[in-house]
Amino acid sequence: MVDPRVARFSWPIAAFAAMVAIVMATGAVLFARKMGFDGGHVRAFYLGAEATFAPPRSLAGLLEVAIPHLLAVPLLLFVTLHLVAFAFGARRRPFALLAGITWGCAAVGIGAGFVIRFAWPWLAPLKVAAFVGLEATMLAWLLLLAAAVLPPARRESRSGGLTASGAARSRAAR
Amino acid sequence: MRFLVQPHPAALDRARPPVRAFLAFSVLLLVGWAASRAAHGALTPDGLARILEPSPGERFGPLALWEEVHQGAFLYGFLLLTLGSLLVVSPVAPGLRNALIGVATAAALVDLLAPFLPVVRPGFPGWAALRIGAFALAMVALLAAVVLAWANFGREGRRTGG
């Protein structure tokens, strides 16, 4: 069940979820178009490729991408997870597990570019895995957010296994 | 978050100054955003077409389009969530509040997605004007939300519920 206090915030939360969905979808397209989803392409993106005359990425270029993401991604995750926890009174272990995967994927995704470029290029598949993991877990969080703002009759059957029982939520609210 | 879900008078009084500071920065963001688009020529149909219309053979549109939508959705998302939540805990009529957030969200979606029309259907007429109009509407709705939140957040009337 959803915390009844969420109902008043349905419109802003729905708008936020729609915009985050667009952020994640466009992020996936940008990843696919700039790097691609196989290790070889990711390596070529960071290390350069003679065949395409692509130069290796500079430290300044990597930082230019990483720094805005170091603010935006944690902020996005923090708010999204906060809203899901507020709406459902999340069960401790499944919530923490999925949140941990999300945070881990985000950290690896941002940091892997530097590691691939300057230390271990063979870690390129890890960058792809982290990105896919982040997208997949964010999809799960967004579905939970959507379930929180759906009309009550349809919501009952859609709330997921991460969510606490009504009694547990009542305890949390107290 | 506490002052949003448990709007006690003392908490609201303490929250008002930082909320107003945030609202002032929101206005700066909206003005800056519009100025940035103007500076890039993105507030005229010709300028917008030059920046975002796909070149022949560019099946998925220019990368600049995807990057702009990526960043724009992030800004819209946080503005809609924060301003909408502040209006929820202010003494503003629910109908007006929902209409404002609904119009801002719809206009933002059109602003973000209209440039994909010529990608999906090359030569689609009027997409640039549609985007400019939607951006203007989104800005006006968000500015109105800022003004309403500035004037009403923490006022006595709201403290009875929402």
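What is the Rg over Rh value, at two decimals, for the protein assembly as shown, using alpha-carbon atoms and the Kirkwood definition of Rh?
On the way: Rg = 21.6 Å, Rh = 21.8 Å.
Expressed as Rg/Rh, it is 0.99.
Among A:Thr137, A:Thr52, which comes first, then next, by fewest other beta-carbon atoms within 10 Å? Let's see the in-between values first.
Values: A:Thr137 20, A:Thr52 7.
Ordered by Cβ neighbours within 10 Å, fewest first: A:Thr52, A:Thr137.
State, as an integer percentage, the relative contact order of segment A:42-147 based on alpha-carbon contacts under 8 Å between residues 6 or more apart.
On the way: 85 pairs, mean separation 35.1, N = 106.
That works out to 33 percent.
Quick check on chain B: what are the equivalent-ellipsoid semi-axes from the Cα gyration tensor, as sqrt(5λ), descending, whole Å? Provide the component values of the computation, followed by the final result.
Values: eigenvalues 269, 39, 30 Å².
After diagonalising the Cα gyration tensor, the semi-axes are 37, 14, 12 Å.
Based on DSSP H runs of at least 4 residues, each adding -39500 (n - 2.57), what is the mean residue ellipticity at 222 nm of the protein assembly as shown after dividing by all its residues, to the nearest 500 deg cm²/dmol? The partial results should precede the final answer.
Values: 14 runs with 248 residues, N = 336.
Mean residue ellipticity at 222 nm (helix-derived): -25000 deg cm²/dmol.
How large is the Rg to Rh ratio of chain A when both quantities use alpha carbon positions and Rh follows Kirkwood?
Numbers: Rg = 18.9 Å, Rh = 17.7 Å.
Over the Cα atoms of chain A, Rg/Rh equals 1.07.
Based on the Cβ-Cβ distance from A:Leu75 to B:Val31, what FRET efficiency comes out when R0 is 25 Å, to the nearest 0.05? Provide the component values of the computation, followed by the final result.
On the way: r = 22 Å, r/R0 = 0.88.
According to the calculation, E is roughly 0.70.
P(r) for segment A:1-57, please, calculated from all Cα pair distances in 10 Å bins and given in %.
All Cα pairs considered, the percentages come to 20, 28, 18, 15, 13, 5.
Rounded to the nearest 20 debye, what is the charge dipole size of the protein assembly as shown about its Cα centre when +1 sits on each Lys and Arg Cβ and -1 on each Asp and Glu Cβ? List each step's numbers first, then the result.
Numbers: 30 positive and 14 negative charges, 270 e Å.
Roughly 1300 debye, rounded to the nearest 20.
What FRET efficiency comes out for the pair A:Ala136/B:Ser55, r = Cβ-Cβ distance, R0 = 51 Å, nearest 0.05?
0.95
Spin-label point model (7 Å from Cα, Cβ direction): what's the B:Val140 to B:Ala106 distance in nm?
Going from the B:Val140 label point to the B:Ala106 one covers 1.4 nm.
Charges on Cβ only, +1 for Lys and Arg, -1 for Asp and Glu, centred on the Cα centroid of the protein assembly as shown; of A:Phe114, A:Ile22, A:Gly104, which one is farthest towards the dipole's positive end?
After comparing all options, I get A:Gly104.
Quote the relative contact order of segment B:74-147 in percent (integer), defining contacts as alpha-carbon pairs under 8 Å separated by 6+ residues. Numbers along the way, then the final one.
Working: 60 pairs, mean separation 29.5, N = 74.
Reported relative contact order: 40 percent.
When the label point is put 7 Å from the Cα of A:Ala32 along its Cα-to-beta-carbon vector, which residues of segment A:41-76 have a backbone N closer than 15 Å?
Label zone hits: none.
State the three equivalent ellipsoid semi-axes of segment A:41-111, derived from the C-alpha gyration tensor as the square roots of 5 times its eigenvalues, in descending order and whole Å.
Working: eigenvalues 248, 34, 12 Å².
Over the Cα atoms of segment A:41-111, the ellipsoid semi-axes are 35, 13, 8 Å.
At a 10 Å Cβ-Cβ cut-off, how would you order A:Arg92, A:Arg117, fewest neighbours first? Working shown, then result.
Numbers: A:Arg92 9, A:Arg117 20.
Ascending number of Cβ neighbours within 10 Å: A:Arg92, A:Arg117.
For chain B, calculate the relative contact order in percent as a whole number, restricting contacts to Cα pairs under 8 Å that are 6 or more residues apart.
Working: 164 pairs, mean separation 53.6, N = 162.
RCO, chain B: 33 percent.
Length gain on complete extension for the stretch A:Arg5 to A:Phe114, per 0.36 nm per residue less the alpha carbon to alpha carbon distance?
Numbers: separation 109, 0.36 × 109 = 39.24 nm, distance 4.31 nm.
Contour length minus the Cα-Cα distance gives 34.9 nm.
Counting Lys and Arg as +1 and Asp and Glu as -1, each charge on the Cβ, what is the dipole of segment A:31-160 about the Cα centre in debye, to the nearest 20?
On the way: 12 positive and 5 negative charges, 73 e Å.
My answer is approximately 340 debye.
Using Cβ contacts closer than 10 Å as the measure, can you line up A:Arg43, A:Arg5 from fewest to most? Could the numbers behind the result be given before it?
Numbers: A:Arg43 20, A:Arg5 14.
Listed from fewest to most nearby Cβ atoms, that is A:Arg5, A:Arg43.
In terms of modelled amide H atoms, which long-range or inter-chain residues lie less than 5 Å from the amide H of A:Ala49?
A:Ala54
Could you check the spin-label model distance between A:Ala96 and B:Arg16? Points 7 Å from the Cα along Cα→Cβ, value in nm.
Rounded to a tenth, the inter-label distance reads 4.1 nm.
Every read-out reported here was derived from the displayed coordinates using simple, explicitly stated rules and does not represent laboratory data. The structure presented is a predicted model; accordingly, all values stated were derived computationally and were not measured. Cβ coordinates were reconstructed from backbone atoms using ideal geometry, including for glycine residues, and neighbour counts include every protein chain displayed.
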